[in-house]
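One structure is given here, and the rest of the page talks about it.
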Amino acid sequence: MRHLSCLVLLLILIVPCASSAVAPSPPLSVILDIDLLMEHAITQRLIAGGVVLIGARDGAVFQRAYGRMSAEPSSPPMRQDAIFDVASLTKVVATTSAVMKLVEEGRVSVTGPVAAWFPEFGGDAKKGLLVRHLLTHTSGITDFPLSLPDPLHQAVEGCAARPSRGEIGNSFCYADLNFILLGDLVRRASGVTLDRYVMEHFFVPLGMVDTFYSPPPDVKPRLSATLLPDGGVLTGEPQDIHARQLGGVAGHAGLFSTAADLARFCRMLMNGGELDGRRVLAERTVAEMTAPQYAEGGKVVRGLGWDMASPYSAPRGHGFSDRSFGHTGYSGGSIWIDPKQDLFVVLLTARLDFRHTSDFNRLRRDLSTLAGSCAAPSGERQAALGLF
């Protein structure tokens, strides 16, 4: 009877994702540790709930939903197909992809001056600012408040007029405004808005049916709520104030997606720009986008858009290779991709705690460590993660 109970438990844990899995599912001990990790985050009120998806080039090997859709006691249980505000994941899933597609088509140059698209940057102080510097957060631009009625004009004028922080090209300073500019660059270079461009060139061809700006009314039951600093709750609107000021479509935030859709995007990158016979980026473009770019004397490593080793690299965990890459989102999401080890991890959450960032980063790091250390003895894993 004991053996039968164990077998039933194993089937319950693994079967939900077995139909789409090609690579082996994680060991039962790893699955139980992931369950414990997520349940602990819910108990500690870091999150109301979330979805974890682990995958490889050929598909998902594990996916599970935890907790609830929001902090409300009456909120329904989290569902695997929940749609989340992915916040700064917008920077890589939408904006970086769009810019690099335009580079591939010869319409934008990574090494071209920003002033070619924004004449406001034509002065001597900013003439050395390149598109690459925006993509790697080495532009010297820092964030500042925007306001209605014309936040985009304020962003362009303000970034052009303000002095640079540090040396352009070598001083790393993460700033949303870099990608607000890049989102508008896509519009200027392509002639269509960023949301339309990424829908036509990426989301529709990749079958990412639940990825969009400004979610339509029919998906409302699947929307996970996000919190505002004053305790207010948003459902279907970006948590980021600048994204809301810009009408919900921006280069730095505003995108909504599911774990399954982000997994398709990760698989496309791991397959060199192609998924299920549909090519959306050339292999050389993916290689260029994920090649290391160094700043701060080599202390910070970024790809074009993507993070590799920086103060924001908590989802890299332990065990991922030095060529892995990913990104985080303030609302509680992250993705990390390791083509060398044929592994990626997607975490999307209904985040509740925005003060204890070290605790939240530990959640991201420990999840990736679990995903990347399936071969390690369970006792060593638990000791390293502090689960017991």
- Phi to ³J(HN,Hα) by Karplus 6.51 cos²θ - 1.76 cosθ + 1.60 over the range 284-293, Hz, x for Gly, Pro: 5, 5, 4, 4, 5, 5, 9, 7, x, 10
- Query: Given H placed 1.01 Å from N in the peptide plane, which residues other than close sequence neighbours of Tyr213 have an amide H under 5 Å from its amide H?
  - Reply: Phe256
- Between Gln341 and Ser74, what length comes free when the chain is fully extended (0.36 nm per residue of separation minus the Cα-Cα distance, one decimal in nm)? 92.0 nm
- Message: Given the C-alpha atoms of the chain, compute the convex hull and give its volume per residue in Å³.
- Response: 143
- Report, by chain and number, residues whose modeled amide H sits under 5 Å from the one on Leu130, excluding near sequence neighbours (fewer than 5 apart, same chain). Val114
- Spelling it out for Gln293: with amide H atoms placed in the peptide plane at 1.01 Å from N, the residues 5 or more places away or on another chain with amide H under 5 Å from its amide H are Arg302, Gly303
- Message: Which of the three applies to the range 255-305, rounded, prolate or oblate, going by the alpha-carbon gyration tensor with a ≥ b ≥ c and a/c under 1.5 meaning rounded?
- Response: oblate
- Item | Positive-end residue, the chain charge dipole about Cα centroid, Cβ charges, pick of Ile42, Ser310, Leu146 | Ser310
- Note on the structure: Only helices counted: for the chain, with every DSSP H run of 4 or more residues adding -39500 (n - 2.57) and the sum spread over all residues, [θ] at 222 nm is -9500 deg cm²/dmol
- Task: Could you give the DSSP H helices of the chain that reach 18 angstrom or more along their long axis (alpha carbon positions) and whose average Kyte-Doolittle hydropathy is no lower than 0.5?
- Result: 2-18, 28-43, 176-190
- Query: Hey, what's the Cα Rg ratio for the range 31-185 versus the globular rule of thumb, 2.2 N^0.38 Å?
  - Reply: 1.37
- Note on the structure: Expected unfolding gain across Asp124-Glu39 under the 0.36 nm per residue rule, minus the alpha-carbon gap, is 25.2 nm
- Item | Net dipole in debye of the chain [+1 Lys, Arg Cβ; -1 Asp, Glu Cβ; about Cα centre; nearest 20] | 340
- With label points set 7 Å from each Cα along the Cα-to-Cβ direction at Asp230 and Arg355, the distance between them in nm comes to 1.9
- Note on the structure: For the range 197-305, the Debye formula with one identical point scatterer on each Cα and no solvent gives log10 I(q)/I(0) at q = 0.10, 0.18, 0.24 Å⁻¹ as -0.39, -1.02, -1.24
- Starting from the Cα of Ala282, step 7 Å along the direction of its Cβ; do the same at Asp81; then give the gap between the two resulting points in nm. 3.8
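Read-outs throughout are calculated quantities, based only on the coordinates presented, and are distinct from any laboratory measurement. Only a predicted model underlies this, so the values are computations on that prediction, with no experimental measurement involved. Backbone-built Cβ (ideal geometry, glycine too); neighbour counts: all protein chains shown.
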